[in-house]
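Contents: one structure, followed by commentary.
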Amino acid sequence: MGRLSRRFFSRPSEVVARALLGKRLVCGGRAGVIVETEAYVGPHDLACHARFGVTDRNAVMWGPGGFSYVYLIYGIHDMFNVVTGPAGHGEAVLVRAIEPRGGWGDPAAGRGPGKLTRALGISRRHNGIDLCASDDLYIEDGARVAPERIARGPRVGIDYAGEWARSPLRFWLAGHPAVSKGR
């Protein structure tokens, strides 16, 4: 399996969110197949961190696609995102769930964005990593997922975002046991 290229990540977040399903997220000696994602489409998206403009926290989102954006939420969970689109757009994809591979965990180990970062050992020290060049954190190509296996619906936990909370920007493998919500 080859590592995903900058070109793969340089597309709009909605396209990348769907295309990441079935790809293999690798951190250190652990890996998992991505089974659930959410797209955050830029400054006009009221659920996206880019809505605040460039800040110390979200500066990496404004760079080119293919970098990691890892932040702390609720003072508890690190969230792993992939920056997408061209530099200056402020887009990203949250990876919500993985299916552990390599015998290190059951499906529940990667069910949810906080659980998957703990399971893979991803933390804020991984913020700003070039996923196209790092030997520690990267995403590999995987099996192509047939369109009929992909479900789509509203994102999770963003009620504050008004109509953006209902936008169908969450993608998951229908019926997969590692999906965090709407299984």
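Below are the figures for this structure:
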| read-out | value |
| --- | --- |
| Net charge of neighbours whose Cβ lies under 10 Å from the Cβ of LEU72, counting Lys and Arg as +1 and Asp and Glu as -1 | +1 |
| Interchain or long-range residues, amide H under 5 Å from SER167's placed H | ARG155 |
| Whole-Å distance, taken between Cα centres, linking region 97-115 and region 1-69 | 19 |
| Sparse-neighbour loop sites [chymotrypsin sites (Phe, Trp or Tyr not before Pro); region 29-101; at most 11 other C-beta within 10 Å; DSSP] | TYR74 |
| MRE, 222 nm, helices only [DSSP H, n ≥ 4, -39500 (n - 2.57), over the chain, to nearest 500] | -2500 deg cm²/dmol |
| Least to most buried among THR84, THR117 (fewest other Cβ within 10 Å first) | THR117, THR84 |
| Additional length obtainable on full extension of the chain from ARG7 to ALA133, 0.36 nm per residue less Cα span | 44.0 nm |
| Sorted by Cβ density within 10 Å, fewest first, the residues SER134, SER13, SER167, SER68 | SER134, SER167, SER68, SER13 |
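FYI, it's all coordinate maths here, none of it is from the lab. All values reported here derive from a predicted model rather than from experimental measurement. FYI the Cβ positions are ideal-geometry reconstructions off the backbone, even for glycines, and counts take in every protein chain you see.
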